[in-house]
1. At a Förster radius of 45 Å, what calculated FRET efficiency corresponds to the Cβ-Cβ distance of Thr267 and Glu75, to the nearest 0.05?
2. Taking Cα atoms, how many degrees apart are the long axis of helix 224-244 and the longest axis of the chain, rounded to 10 and kept between 0 and 90?
3. Distance in nm between label sites at Glu174 and Arg216, each 7 Å beyond Cα in the beta-carbon direction?
4. For Glu346, what charge total do you get from the other residues with a beta carbon under 13 Å from its beta carbon, if Lys and Arg give +1 and Asp and Glu give -1?
5. When you count, for each residue, the other Cβ atoms within 10 Å and take the mean per peptide, how do 244-254, 162-172 rank with the highest first?
6. Taking the Cα centre of the chain as origin, work out the dipole magnitude from +1 charges on Lys and Arg Cβ and -1 charges on Asp and Glu Cβ, in debye rounded to 20.
7. With an 8 Å cut-off on Cα pairs and a minimum separation of 6 or more residues, tell me the relative contact order of the stretch 269-354 in percent.
8. Counting only other residues whose beta carbon sits under 10 Å from that of Ala111, what net charge do I get with K and R as +1, D and E as -1?
Amino acid sequence: MAGTVKHSHLKSSWRCPSNIALVKYWGKRDFQKPMNPSLSFVLQNAYTETSVELHKDGDQKVEFYFEGVESAFGERIEQFLDYISVRLNWVHKYNFRIHSRNSFPHSAGIASSASSFGALALCLTELDFSWSGKPVESPEFWQMASEIARMGSGSACRSVYPGFSIWGKTQLFESCSDDFAVPILGGINPVFYGLQDAILMVDAGTKEVSSSVGHRMMDKHVYQHSRIAQAHENINALYLALLTGNQKKFVEVVENEALSLHAMMMTSNPSFILLKPNSLELIQRIRRFREKSGIPVCFTIDAGPNIHMLYFQENELDVKAFIERELLVFCENGKWIDDRIGKGPEVKSLPQHPPHEGAK
Ligand code: PMV
């Protein structure tokens with residue numbers, strides 16, 4: 001049996017979406033655990049496709065090809081494999097050949113770590129489950145994929161589910177955990193099924209301050225306790241708005257979270273500012289449009305200068321006309337991405353070899 005395993009090539013491929021947080025994770029505790037709970041939804045058009053092939057040829061631990069070209073990201077993956085070997089001890093027995101591609105342009109300014117680590121975690125979890133005869137695509141499967149993804153990049157743990165999910169302990173559900181995200185399965189008001197996200201590209205360059213440095217600034221932040229309390233209040237209010245279809249409350253909480261995240265950056269020591277003049281211009285225009293038209297549009301912002309304008313399907317024509325007319329001029333080379341709430345990850349191919357003994 002061991003002889004067969006030795007020459008086998010074991011492969012799994014997944015597509016995993018990116019996600020956008022409405023209540024923001026900012027600040028860590030312990031190893032990759034959040035200081036506060038967060039709530040996000042996955043996108044439909046922004047995703048990563050990854051295939052993982054295990055082999056025992058040569059002595060290179062990880063070969064990582066991004067869009068066909070070998071990339072230095074392999075080093076971060078080696079470190080990630082070390083972390084996850086606590087859960088998947090077989091990772092030390094193989095070398096990895098990983099191919100990855102994003103649906104969105106490399107320089108689009110969309111954080112790809114959530115979709116990349118989500119896709120990688122799904123491949124590894126699928127290999128693990130199929131070998132040990134556990135049911136793939138069961139609740140335990142998604143939970144483990146979420147936990148493994150979290151070890152690569154915190155926000156990635158929310159990318160493995162369709163629609164909305166929550167990561168971090170809250171008073172909302174007992175099943176919420178700091179170790180993995182949980183999906184919000186039922187009860188969401190149908191108005192939110194058609195949530196749209198226009199990603200307005202203000203600056204596609206690399207961020208001046210990485211999220212890991214930003215998270216660390218929360219350790220001694222003067223507003224740490226009030227930020228944690230605020231995130232709990234906001235997640236409760238947002239969840240209620242999602243259940244009741246309260247678009248006004250949704251808009252209020254989402255913008256409060258986006259600006260609070262950036263306020264934390266501006267008031268940390270040392271402080272930093274990721275917003276650009278055009279980010280502020282877009283914010284003002286979105287607010288003015290909402291006031292004048294009565295259409296419930298709002299913005300959210302990740303750790304960067306780009307603006308995610310959220311709106312509802314029923315207002316699509318008016319909002320798209322507004323984007324063309326007033327917003328594109330403030331986007332870098334007029335670039336924006338037309339996205340919406342998504343259906344979650346998809347398997348691209350099942351592991352090629354049957355379960356075998358001795359993998360674990
Ligand atoms: O997952 P990280 O470590 O890249 O952190 C992401 C943090 C934010 O995008 C700003 C917020 C969030 O909850 O996704």
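The values are calculated or read from the model by the stated rules, or taken from the named source; none is laboratory data. Quick caveat: nothing in here was measured; it's all calculated off a predicted structure. We place every Cβ from the backbone using ideal geometry, glycine too, and count neighbours over all the protein chains shown. When the accessible area is computed, the model is the full protein with side chains, heavy atoms only, and any ligands, DNA or RNA have been set aside. Shrake-Rupley method; radii C 1.70, N 1.55, O 1.52, S 1.80 Å.
1. Values: r = 33 Å, r/R0 = 0.74.
Here the calculated transfer efficiency is 0.85.
2. The angle comes out near 80 degrees.
3. Here the modelled spin labels are 3.9 nm apart.
4. Once positives and negatives cancel, what remains is 0.
5. Values: 244-254: 17.7, 162-172: 20.8.
Output ranking for 244-254, 162-172: 162-172, 244-254.
6. Values: 37 positive and 40 negative charges, 81 e Å.
Computed charge dipole of the chain: roughly 380 debye.
7. Details: 54 pairs, mean separation 19.4, N = 86.
Value for the stretch 269-354: 23 percent.
8. Values: positive: Lys207; negative: Asp302.
With Lys, Arg at +1 and Asp, Glu at -1, the net is 0.
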